[in-house]
Amino acid sequence: MGIFSNLFKTDKPREDNTDPFFDALVSMTSEDTSLYVGAGALKNSDIFSAIRKIAGDIADTSITYTDTSTQGKRVERLLNRAPNNNMNSWSFWFAIMCSCLLNGNSFAKIEHNPTGQVTSLIYLPNDEVTVQADTTTGELTYQFNSKTLVSSDILHFKVFTQDGQTGVSPIYSLRNQISVQSAKNDLIKHFFGNGSLGSSVLTIHGTDIDSEAKNRVREKFLQANQNNNGTIVLDDNTDFKSLPVDKSVLETANSIDWTTQEVAAAFGLPMQALGVIDPHNNQEQSMLNYLQSTLTYYFKCITSELDAKIASQNNNFIFDTSSLFTADPTVSFKMYENAVVNGLLTPNEARIKLGLKPLNGGDNLRIEGINNK
């Protein structure tokens, strides 16, 4: 047994509020795609928005299981209510996807009762899991709390993988773009942080002072005048000159918006999800594009692992995407209207989904105005 990739193990557990990777990301020289990415990456507003959108929508969407047996219903409730005693389903799936999007991998331990039935899913922090592979067979095992867990007992979600065994974070592809965005934000922060003083020269006549003394004078001057509403008090031996502000630099910084586009592209998001309006798409079309181009990809990442590790026989797991359209009544009504017209739902099925009472004669499919009995 040889170590394939010590993906996340550190000398000591990382606190959730530290920046073990992101601070170095913008200037990193390492090409190691398996470095642990901490919550510090979320201080970038575009990355925060992207992860919050995807993880939140997945956590909001219920999972259906085609196994209608008692155990099948029990597993479905487990996934949609409380996967374990410490987390509800929303917190569980949000944590799973947040970790997966930050690191490319996320893990959950499958617990069984003596008869082999699934009883709970335990979220495992990435920085406490070590992935190993047999050098001959390639079989994966997972080290957690000094215990060795076999692959069939671990749900291992991967949003992007080169070898089918371990994942790569989407953030890794953004290190150059984030470097530019960070520099832009620092420039704007510096511009407004300096207030009325901006770039300036303070001249003290009749004395020769060393660099250490100059620094002390500069600090004292800034402390005395930074927040005095633009009023500066000087004596006869001191001159203050404010240098012209080059607003073109600020205008150039404000014009850099392609980083948002590339963050969206890395996560597979439409630009509207990060607040950029697309005048060519209405809300319904935008939601459909988001579902087809983005969420379907992440849904499959989850359901394929559930199918492989939990599903019985030929049963499978499916995300119920109808909830994604219910936030806007207009979009929801139009969607179900189209479903009725095209014979996908009966009028009463559509009414029930809209929270309305069924009507007499509404249980028949209708296609192009023709009732099918």
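The values are calculated or read from the model by the stated rules, or taken from the named source; none is laboratory data. This structure is a prediction, so every number in the text was calculated from the model and none was measured. Cβ atoms come from the backbone with ideal geometry, glycine included; neighbour counts cover every protein chain shown. Ligands, DNA and RNA are excluded from the accessible area calculation, which covers all protein heavy atoms including side chains. Shrake-Rupley method; radii C 1.70, N 1.55, O 1.52, S 1.80 Å.
For residues that are within 18 Å of Ile110 (Cβ to Cβ), in a strand (DSSP E or B) and of a type outside the set (Val, Ile, Thr), tally how many sit in the range 133-161.
Looking only at that region, the number is 10.
Among the residues of the range 33-40, are any at pLDDT 95 or above and either open to solvent by less than 20 Å² (accessible area, probe 1.4 Å) or of a type in the set (S, T, N, Q) (or both)? Explain how you work it out, then say what you get.
Step one: list which residues in the range 33-40 are at pLDDT 95 or above, which gives none.
No: the range 33-40 contains no residue that is at pLDDT 95 or above and either open to solvent by less than 20 Å² (accessible area, probe 1.4 Å) or of a type in the set (S, T, N, Q) (or both).
Quick check, is Thr161 surrounded by fewer than 17 Cβ atoms within 10 Å (Cβ to Cβ), under 30 Å from Ala265 (Cα atoms) and polar (S, T, N, Q)? Quick ask: steps written out before the conclusion?
On the way: surrounded by fewer than 17 Cβ atoms within 10 Å (Cβ to Cβ): yes; under 30 Å from Ala265 (Cα atoms): yes; polar (S, T, N, Q): yes.
Judged against the criteria, Thr161 is a match.
One line per residue, one yes/no per condition, for (1) more than 29 Å from Gln292 (Cβ to Cβ); (2) at pLDDT below 95; (3) surrounded by 14 or more Cβ atoms within 10 Å (Cβ to Cβ); (4) not hydrophobic (A, V, I, L, M, F, W, C):
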site	(1), (2), (3), (4)
Pro20	yes, yes, yes, yes
Ser27	yes, yes, no, yes
Glu31	yes, yes, no, yes
Asn44	no, yes, yes, yes
Ile110	yes, no, yes, no
Gly116	yes, yes, no, yes
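Taking the conditions exactly as written (in a loop (DSSP other than H, G, I, E, B), modelled with pLDDT under 70 and within 30 Å of Arg74 (Cα to Cα)), does Ala311 satisfy them or not? Step through it out loud before you land on a result.
Details: in a loop (DSSP other than H, G, I, E, B): yes; modelled with pLDDT under 70: no; within 30 Å of Arg74 (Cα to Cα): yes.
Answer is no for this residue.
Given the criteria part of a helix (DSSP H, G or I) and modelled with pLDDT of 75 or more, does Asn360 qualify?
Details: part of a helix (DSSP H, G or I): no; modelled with pLDDT of 75 or more: yes.
No; evaluated as a whole, the condition is false for this residue.
Return yes when Leu78 is of a type in the set (A, V, I, L, M, F, W, C) and either touching a residue at least 60 places away in the same chain (Cβ under 8 Å) or under 30 Å from Ala265 (Cα atoms) (or both) and no when it is not. Working first, answer last.
Details: of a type in the set (A, V, I, L, M, F, W, C): yes; either touching a residue at least 60 places away in the same chain (Cβ under 8 Å) or under 30 Å from Ala265 (Cα atoms) (or both): no.
Here the answer is no, as Leu78 does not meet what is asked.
Is there any pair with a first residue in the range 252-271 that is over 21 Å from Phe160 (Cα atoms) and a second that is at pLDDT 80 or above and small (Gly, Ala, Ser) whose Cβ atoms are under 7 Å apart and which are 6 or more apart or on different chains, and what are they?
none
Hey, any hits in the range 81-96 for a residue that's open to solvent by less than 50 Å² (accessible area, probe 1.4 Å), more than 13 Å from Tyr123 (Cβ to Cβ) and part of a helix (DSSP H, G or I)?
Scanning the range 81-96, I find no residue that is open to solvent by less than 50 Å² (accessible area, probe 1.4 Å), more than 13 Å from Tyr123 (Cβ to Cβ) and part of a helix (DSSP H, G or I), so the answer is no.
Can you tell which of Ser152, Ser146, Ser106, Ser120 is over 25 Å from the mean Cα position of the chain (by Cα) and touching a residue at least 40 places away in the same chain (Cβ under 8 Å)? Break it down stepwise before answering.
Details: Ser146 fails: touching a residue at least 40 places away in the same chain (Cβ under 8 Å); Ser106 fails: over 25 Å from the mean Cα position of the chain (by Cα); Ser120 fails: over 25 Å from the mean Cα position of the chain (by Cα).
Going through Ser152, Ser146, Ser106, Ser120 in turn, just one is over 25 Å from the mean Cα position of the chain (by Cα) and touching a residue at least 40 places away in the same chain (Cβ under 8 Å): Ser152.
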